[in-house]
């Protein structure tokens with residue numbers, strides 16, 4: 001028990017720091033309630049590389065490179081860097097596309113879901129409920145013997161691919177390479193970003209925290225239901241407390257905050273409620289009318305995220321961390337997320353602040369059926 | 001002694017396998033082979049809980 005307490009102390013501290021940074025990143029330049037969002041940022045990266053051409057969401061987000069490189073450095077330092085792979089990469093690629101489609105319909109990864117709640121967006125709770133249901137379905141499959149197969153050791157250079165890729169893309173960002181497309185319209189999500197170096201440092205710090213504490217926004221719920229282990233969940237709770245307190249203290253909920261602090265160039269005003277929240281469903285028209293089905297699709301899209309991520313062994317953030325640790329299957333999953341981001345934008349599956357995409361419902365339905373099929377079909381008889 | 005080889009399996013499958021083995025062989029000593037520190041931590045936690053529950 002004492003070792004649980006001492007470990008839990010660290011993840012609570014890590015969660016508080018992570019949540020605080022996630023809230024502050026908005027004041028420092030990132031979009032509202034999107035200080036850190038792995039899904040949104042990978043979609044923006046897909047746009048910067050012209051895998052999709054939705055002009056409002058194109059930017060090479062340095063935070064992602066920080067996650068990968070922070071985890072890479074930390075795992076090297078703690079002798080946990082282990083190049084490995086070969087556990088159904090193509091299934092993982094497709095599952096990652098499904099998770100991304102869910103995240104693009106909901107508008108955020110599970111980390112952003114927590115940040116949305118911490119910024120007053122109560123519709124985040126609909127997503128959280130969906131996520132938990134998805135995790136429970138995932139646990140059902142796990143107990144049935146679901147597995148994507150064993151990994152094996154791979155050559156060192158293979159494990160270096162993702163960190164090198166992250167480094168190269170960061171250099172392209174710093175030299176403002178002409179091969180990249182960036183959002184130019186003022187006020188669009190892609191135009192809102194922190195200084196690239198600050199973004200990298202934010203990512204490195206979070207990468208260190210998550211690598212050391214094993215923080216995972218999907219694993220937290222999985223462990224609660226699977227093994228009654230509340231270690232990861234305590235990190236999630238700390239994250240929300242950190243973000244919520246920070247938003248109040250720095251005045252993001254209006255007034256001048258508790259101490260009149262001015263923490264960044266952007267003024268942010270959040271409010272509690274289900275509608276008129278930054279870049280989130282449900283969309284409400286000028287009279288405040290909403291289509292109620294948006295709640296159902298928010299719930300279902302995040303069920304896909306919960307289920308898919310449970311089958312893959314971690315949330316999108318955790319995936320970037322595992323890729324940094326040398327897990328090449330996680331590297332494939334990142335490519336799947338990027339492909340999923342492109343698919344969601346190109347095929348009008350993704351939602352936006354103006355409501356659901358034309359084919360959002362189809363996207364979620366196909367992704368859900370695929371994840372369920374994989375859950376049923378991929379099982380190994382135990383020895 | 002029951003051997004459970006969970007090397008190469010990704011989280012949380014090592015824990016699921018260990019949990020199943022604990023349930024089917026409650027009186028036996030389990031020997032779980034892991035190859036990642038995450039899986040090791042997870043299974044250590046599980047083992048400690050198991051001991052507490054048996055008492």
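Please treat every number below as a calculation from the coordinates, not as lab data. Quick caveat, the model's predicted, so the values are computed rather than measured. Using ideal geometry, Cβ is built from the backbone for each residue, glycine included, and neighbour counts are taken over all protein chains shown.
Worth a mention:
- Looking at chain A alone, DSSP beta bridges between its own residues are antiparallel in about 75 percent of cases.
- Residues B:32, A:57, A:154, ranked from the fewest to the most other C-beta atoms within 10 Å, line up as A:154, B:32, A:57.
- MRE, 222 nm, helices only [DSSP H, n ≥ 4, -39500 (n - 2.57), over chain B, to nearest 500]: -18000 deg cm²/dmol
- Inter-part distance where region A:11-69 and region A:321-357 are each reduced to a Cα centre, Å: 13
- Simple spin-label estimate for residue A:267 and residue A:167 in nanometres, 7 Å along Cα-Cβ: 4.4
- Per-peptide packing, taken as the mean over residues of other Cβ atoms within 10 Å, places A:298-311, A:125-138, A:19-32 in the sequence A:298-311, A:19-32, A:125-138 from highest down.
- Shielding of peptide A:149-159 by partners, expressed as the average count of other chain Cβ atoms within 10 Å per residue Cβ, is 2.
- Normalised contact order of chain A, rounded percent, pairs of Cα under 8 Å and 6 or more residues apart: 36
- Tensor-based shape of chain A (alpha-carbon gyration tensor, a/c under 1.5 rounded, otherwise prolate or oblate): rounded
- Label point 7 Å beyond Cα of residue B:49 along Cβ direction - residues of region A:193-232 with amide nitrogen under 12 Å: A:221-232
- Report summary: the helix-based calculation at 222 nm, which adds -39500 (n - 2.57) for every DSSP H run with n ≥ 4 and divides by the residues of chain A, gives -20000 deg cm²/dmol.
- 10 Å Cβ neighbours from other chains, averaged over peptide B:12-22: 5
- Each residue, residue B:5 and residue A:175, gets one label point 7 Å from its Cα in the Cβ direction; the gap between the two is 4.8 nm.
- The ranking of A:156, B:49 from fewest to most other beta carbons within 10 Å of each one's beta carbon is A:156, B:49.
- Listed peptides A:167-176, A:327-336 by packing density, highest first (mean Cβ within 10 Å): A:327-336, A:167-176
- C-alpha long axis of helix B:13-24 to longest principal axis of chain B, angle in °: 20
- Cβ neighbours within 10 Å from other chains - mean over B:2-10: 5
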